[in-house]
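Structure first, commentary second.
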Amino acid sequence: MIITPAEPHDVAKLLAFREEAAAWLRGLGSDQWSRPYPADKLLATIEAGTVFMLRDGHTTAGTITLTPDAEQGLWTDDELTEPSMFVNKLTIAREYSGQDLGGRLLDWAGDRAHRAGARWLRLDAWTANGALQKYYLVHGFTHVRTVREGSAVNGGPRVSGWLAERSACPADHGFTDRTPAPARIPFAA
């Protein structure tokens, strides 16, 4: 399998992934990703070069967003002085489930973060999705804290505030990486 940067024509596939994941999560009793994601915001992240696609021949098996930008209001000022990269929107096509491609994408992200000079690979997960939180713990993340207030939407409770991190380090993820070398992360010392 090959990892490539997402391209603008991938927007439709990424939105379909999100809908597929939301339907699967609904079946498990979760409201995660139930709100439609704006296509223009997705396109902006693609154009910023932070969205990556896992391709199996002509089929897209998964996607991950990896950015040096933290979501506002989650991490403390002290934490933000540490060089970090942040995982978002990790999604695997249901037909590829059960192969630990998500875990391997997390390893790829940690390897890329390390090459960019990051100390940490960080993420926020759905606060009410205990199975997802356990998944990240099994894949080497440590729970930092859960932020429940400060949602950017309607001032209500934050729904994706379970914070976790693991060290960014080299990894043998087994994918063919066709992404450009990562830019070095600026950080405050």
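What to note about this one:
- Going from the fewest other Cβ atoms within 10 Å to the most, the residues Ser160, Ser84 appear in the order Ser160, Ser84.
- Hull shadow area, averaged, the stretch 2-173 [alpha-carbon convex hull, nm²]: 9.7
- A simple spin-label model places the labels of Leu43 and Asp177 3.0 nm from each other, with each point 7 Å out along Cα-to-Cβ.
- Karplus 3J(HN,Hα) series, Hz, for the stretch 130-141 with 6.51 cos²θ - 1.76 cosθ + 1.60 (x for Gly, Pro): x, 5, 5, 4, 4, 4, 5, 4, 4, 8, x, 7
We did not get these values from a lab; they are worked out from the coordinates using the rules stated. The shown structure was predicted, so the numbers you read here are calculated from the model rather than taken from an experiment. Heads up, the Cβs are rebuilt from the backbone with ideal geometry, glycines too, and the neighbour counts pull from every protein chain shown.
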